[in-house]
1. Restricting attention to segment 368-392, and to residues there that are in a strand (DSSP E or B) and either among the small types (G, A, S) or out of contact with any Gly (no Cβ under 9 Å at 6 or more places or on another chain) (or both), which single residue is farthest from P65 (Cα to Cα)?
2. Six or more apart or on different chains, Cβ under 9 Å: which pairs go from a residue in segment 235-249 that's touching a residue at least 40 places away in the same chain (Cβ under 8 Å) and farther than 19 Å from G116 by Cα to one that's of a type in the set (K, R) and open to solvent by less than 60 Å² (accessible area, probe 1.4 Å)? Could you list them?
3. Can you name every residue in segment 436-457 that is more than 16 Å from the chain's Cα centre (by Cα) and more than 21 Å from G541 (Cβ to Cβ)?
4. Of the residues that sit in segment 330-346 and are touching a residue at least 60 places away in the same chain (Cβ under 8 Å) and in a loop (DSSP other than H, G, I, E, B), which one is farthest from L276 (Cα to Cα)?
5. Within segment 290-299, does at least one residue satisfy the condition of being closer than 30 Å to L397 by Cβ, crowded, with 22+ Cβ neighbours inside 10 Å and in contact with a strand residue (DSSP E or B) (Cβ under 7 Å, 6 or more places away or on another chain)?
6. Considering every residue within segment 393-401, establish whether at least one is buried (at least 21 other Cβ atoms within 10 Å of the Cβ), in a helix (DSSP H, G or I) and either at pLDDT 95 or above or within 14 Å of the chain's Cα centre (by Cα) (or both).
7. Restricting to segment 125-167, count the residues that are surrounded by fewer than 16 Cβ atoms within 10 Å (Cβ to Cβ) and closer than 30 Å to R3 by Cβ.
8. For segment 238-269, give me each residue that is surrounded by fewer than 17 Cβ atoms within 10 Å (Cβ to Cβ) and touching a Leu at 6+ places or on another chain (Cβ under 7 Å).
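The values are calculated or read from the model by the stated rules, or taken from the named source; none is laboratory data. On a predicted model such as this, the values are computed, not experimentally measured, just so you know. Glycine also receives a Cβ, built like all others from the backbone with ideal geometry; neighbour counts cover every protein chain displayed. Note: accessible area is taken over every heavy atom of the protein model, side chains too, but ligands, DNA and RNA are not part of it. Shrake-Rupley method; radii C 1.70, N 1.55, O 1.52, S 1.80 Å.
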Amino acid sequence: MNRELPFSITGDRYPSRRSVVMSRHGMVATSQPLAAQAGLRILLAGGNAADAAVAVAAALNVVEPMSTGIGGDAFALIYDAASRKVSALNGSGRAPRAISPQIFAERGLDRVPSDGMLPVTVPGAVDAWAALLQRHGTMSLAQVLAPAIAYAEQGFPVSEIIAAAWWRAEPRLQAHPDAARTYLIDGRRAPRPGEIFRQPNLAHTLRQIAEGGRDAFYNGPIAEAIVRTSDQYGGFLSLQDFATHHSTWETPISTQYRGYTVYECPPNGQGLTALLGLNILAGFDMAALAPGSAEALHLEIEAMRLAFADAATYIADPAHADVPIEMLLSEQHTAARRALIGPDRAQRVVAPGALPSSHDTVYLTVVDEAGNAVSFINSLFSGFGSGVVAGDTGIALQNRGAGFVLDPAHRNCIAPGKRPYHTIIPCMALRGDALWSSFGVMGDFMQPQGHVQMLVNLIDFGMNPQEALDAPRFRVVDPYIDRDSVGLERGVAPETVRALAALGHTLVDPAVVPVNFGGGQIIVVDENGVRRGGSDKRKDGCVVAY
């Protein structure tokens, strides 16, 4: 059922124009201004990039609650200026120990649903925040959670694009009493732009975490409340699942693209997909093509189709399945995939498996005065996750388990204690061993496509960070369910659209078929150490700096 938005959004009427934000010291970029300011306050108080990143993530839990929160997961890439090394943090949760494919078969389900408790995995965000602060931070959880607690207790004016996403989620929230009580005014409607919204239950929960650390979440009343909710709605989470949860520090995966080293988190995330696409494009002279031309878009689209075909087959939790990363990134494999692209015809790529699509995620990036950087992403998966809120905790529970498949022969089949295929991916690129860029593009399967398009825009087409974000995007709409359809964002030239159609691309009209083109944030550090930030016009956010 299509509902007409009961209020207008500024960007619907006038195109956005933003200049690059520049600074020599600290910088924060994210999708909501109050959250960005929370990070800047931490930097000005003497905190570093890790401290500010957690402060921003926590604030986003309050001011953009449909997208992120302590009921979800997180991933991060961290650049340490002293060692000039990049590390990866996997803060994703695992499936309940009591879960199995047979449970879904007994209920007549052929895929993991998106609503209710069945897709809820252990929330990993709080442990990830604590792990990031312990290894790289200088402040306590209590210090960095203070801005978020203040926003939750005192309330905040809801921004435009977030209000629209909130409004679209009304039916899901109305379906669950605790969700309606937590996130809807009088249990009936979403807040409108500019309305003050308070979250006292979430504020209380955040105070418990501030005082008791990550154990207050995983070994106490909060975990008990989530497990009670799980039992109430037919889920399988246990206190043991929470007590044994831990984040993992991992070696990031990378590839070379035009002299830059591009880093992604390894599987179970889909960052590998972006690296596969870049490897294929590295064999073409993209700089010789016009930005936004049919020739350039054709190559990028075909490269992403091939990359997603591999991702569908191989990406899974490496603790439970063989994920041949080295083989997939090898020149031999890349050359074979690249040879499948013809200049005059779109090919049809068969992508095995079927994974769901969703788009509610937040991304943030911070570079501090010392040159440390954090590329950080935090998500509930769907808007307000599973649609279930855990009692009076104020916590919306993620539905990340919907990223599993139920085919026992598939690497990504659901299993006890297993991490699902994850769509959320931060990105970072170095020039030599010096930080060059920290960025991300939100939006389920748009994310690796967005990473590739951003890097092609920046490196091949010479765009500045804001231009690279503002440029119209393409999207392979859903590379696992609808492998042929491609969406082109408003702003792509009509002659380009006609030329791509003539090449055999199946183009969908975003005005008829909703297509999520994501939303990105970026900080580039130039050779003089100047931080140059961009924030996506498709979101409410901004870049702040000093």
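1. A373
2. Filtered contacts from segment 235-249: H245/R94.
3. W436, V456
4. Only one residue fits best here, namely D344.
5. There is no residue in segment 290-299 that is closer than 30 Å to L397 by Cβ, crowded, with 22+ Cβ neighbours inside 10 Å and in contact with a strand residue (DSSP E or B) (Cβ under 7 Å, 6 or more places away or on another chain).
6. Within segment 393-401, the subset buried (at least 21 other Cβ atoms within 10 Å of the Cβ) is 393-401.
Now restrict to residues that are in a helix (DSSP H, G or I): 400-401.
Then drop every residue that is not either at pLDDT 95 or above or within 14 Å of the chain's Cα centre (by Cα) (or both), which leaves 400-401.
Yes, the conditions are met somewhere in segment 393-401.
7. The total comes to 1.
8. W249
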